[in-house]
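Right, one structure below, let's go through it.
The values are calculated or read from the model by the stated rules, or taken from the named source; none is laboratory data. Fair warning: this is a prediction, and the values are worked out from it, not measured in the lab. Positions of Cβ are generated from backbone atoms using ideal geometry, with glycine treated the same way; all protein chains shown enter the neighbour counts.
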Amino acid sequence: MQGIEQEFFIDTKIGKLLIGVSGNRIAKISFNQPNNTLKGVKPKVVTSLENQLLEYFNGHRKTFQIEYSLTGTEFQKEVLAKID
C-alpha cells in the first residue's frame, strides 16, 4: 500500500476538507484536522476535486470524475470496487 505523499485543505460548504494525494490520485478525504497550516501548490487532481465539490454543493453536479486510489484490506477493496 502506497502512503499519502501530499496533503491539502479545501474549503467547502460543509467545512474544510483534508485531501491526501498519492501517485497523482486522491487517496484520502477527511474533515479538518488540528493542523490546518499546510502549504504548497495544489496538484491538478486536487483543484479538479475542489471544483467538482463546489459544483456539487451548488447543485450543478451529481457525479464525480476524479482519479482516486483505494486503500484497505483486500475485502474492503472488493466491496468498494463493487459500489463504484
- Task: Give the residue, chosen from THR73, THR47, that is β-branched (Val, Ile, Thr) and more than 17 Å from ASP11 (Cβ to Cβ).
- Result: THR73
- Members of segment 45-84 found to be in contact (Cβ under 8 Å) with a residue 12 or more places away in the chain and not in a loop (DSSP other than H, G, I, E, B), listed by number: VAL45, VAL46, SER48, LEU49, GLU50, GLN52, LEU53, LEU54, PHE57, TYR68
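Mind listing whichever residues of segment 1-22 are within 25 Å of LYS77 (Cα to Cα) and modelled with pLDDT of 85 or more?
Of the residues in segment 1-22, the ones within 25 Å of LYS77 (Cα to Cα) are 1-8, 17-22.
Correct list: GLN6, GLU7, PHE8, LEU17, LEU18, ILE19, GLY20, VAL21, SER22.
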- Item | segment 64-83, subset of a type in the set (Val, Ile, Thr) and under 17 Å from the mean Cα position of the chain (by Cα), residue surrounded by the most Cβ atoms within 10 Å (Cβ to Cβ) | THR71
- Item | Total residues in segment 1-30, condition touching a strand residue (DSSP E or B) at 6+ places or on another chain (Cβ under 6 Å) and outside any strand (DSSP E or B) | 3
- Sort out which residues of segment 48-84 are modelled with pLDDT under 90 and of a type in the set (Val, Ile, Thr), and write them in order of number. ILE66, THR71, THR73, VAL79, ILE83
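Given the criteria modelled with pLDDT under 90, surrounded by 14 or more Cβ atoms within 10 Å (Cβ to Cβ) and farther than 28 Å from GLN76 by Cα, does LYS42 qualify?
On the way: modelled with pLDDT under 90: yes; surrounded by 14 or more Cβ atoms within 10 Å (Cβ to Cβ): yes; farther than 28 Å from GLN76 by Cα: yes.
Against the criterion (modelled with pLDDT under 90, surrounded by 14 or more Cβ atoms within 10 Å (Cβ to Cβ) and farther than 28 Å from GLN76 by Cα), LYS42 qualifies.
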